[in-house]
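A.B. asks: Just dropping this structure here.
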Amino acid sequence: MTQSKALAYHQSLTGALEQAQRQSLTRRGALRTAVVAAGGATVMLAGPALLGYRSAMAQDFAGPVDVLNYALTLEHLEYTFYRTFNQQFSGMELEMAGFAIIVRTRLESIEAHELAHVDVLTDVIGQLGGTATTEMMYSFGVTDVASYVATAGVLENLGTGAYTGAAQFLIDDDDLLTAALTIHGVEARHASYLNVLNDTSPFPEAFETALTPAQVLEAATPLIVGAMPDTGAGSTANDGGTSLGIFAAAGAMGIGAAALAARRRESRSDEQAMPAGV
């Protein structure tokens, strides 16, 4: 891929995310207008409709498995992204591109987190009686360190918005909602860090943008080679052991993350001392 094509590719991805964010902000403004015009009580009636919450979009998910597979689709994409380009670009290349030496370690930590998210979501989907979606083939359009870090920022903000928008679909299952929010919080931390690396605000708005599944898939689909993965059978199965299963999966998540971090540390030969910095 030529440099010009890579730039156009990244701009189109960024544009899809920014358009989705503008649409969400427009809905939020409509909500504020309704509250001012009709009083606070209107929030209970008009808020969900204006924001798109519990609208026809909810029909896209037949049950918890579909929601978790939706999240897993994004986690597969993110983990593959970091795994691929952490292997491709060395710490020295990051430094030559103007980034502090610690950035390499931070990107490795994000890779470990994404693998942990893949592991825990896959385990929980299986415990719910569903079939977890698998890793696909991707085309990220990354040609150098700058486009790697820039695309990472787009993906992390996309993931944060996706979790924010999908939380409503798990509102009837406290355990699953809590588990999803623990991932969402980490994705938001990733997004803030990548924003700083890309010279943008780590906290650009007072409220996080909630992206609909349609908006997220519109932005992510160009990255996936071939058809979008099946998000599952829409199982609503719950045998009463969901909470225990989530905690067990979280244990496996920690093991997976630690193992990956250990492998990455063993492979480093040029970053023995990590000074404080970004």
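A.B. asks: Can you tell me the length gained on complete extension of the stretch Ala100 to Ile171, counting 0.36 nm per residue apart and subtracting the Cα distance?
C.D. replies: 21.4 nm
A.B. asks: Sticking with this one: Can you list residues from other chains, or at least 5 along the same chain, whose modelled amide H is less than 5 Å from the amide H of Ile224?
C.D. replies: Residues meeting the criterion, in which the H sits 1.01 Å from N, are Ser139.
A.B. asks: Something else about it: Which order do peptides 63-69, 166-172 fall in by mean Cβ count within 10 Å, highest first?
C.D. replies: 63-69, 166-172
A.B. asks: While we're here: I'd like to compare 93-99, 78-84: which one has the highest average count of other Cβ atoms within 10 Å, and what's the full order after that?
C.D. replies: The peptides rank, most packed first, as 78-84, 93-99.
Quick note: the coordinates plus some simple rules give every number you see, no bench work behind them. Fair warning: this is a prediction, and the values are worked out from it, not measured in the lab. As a convention, Cβ positions derive from the backbone with ideal geometry for all residues, glycine included, and neighbour counts pool all protein chains shown.
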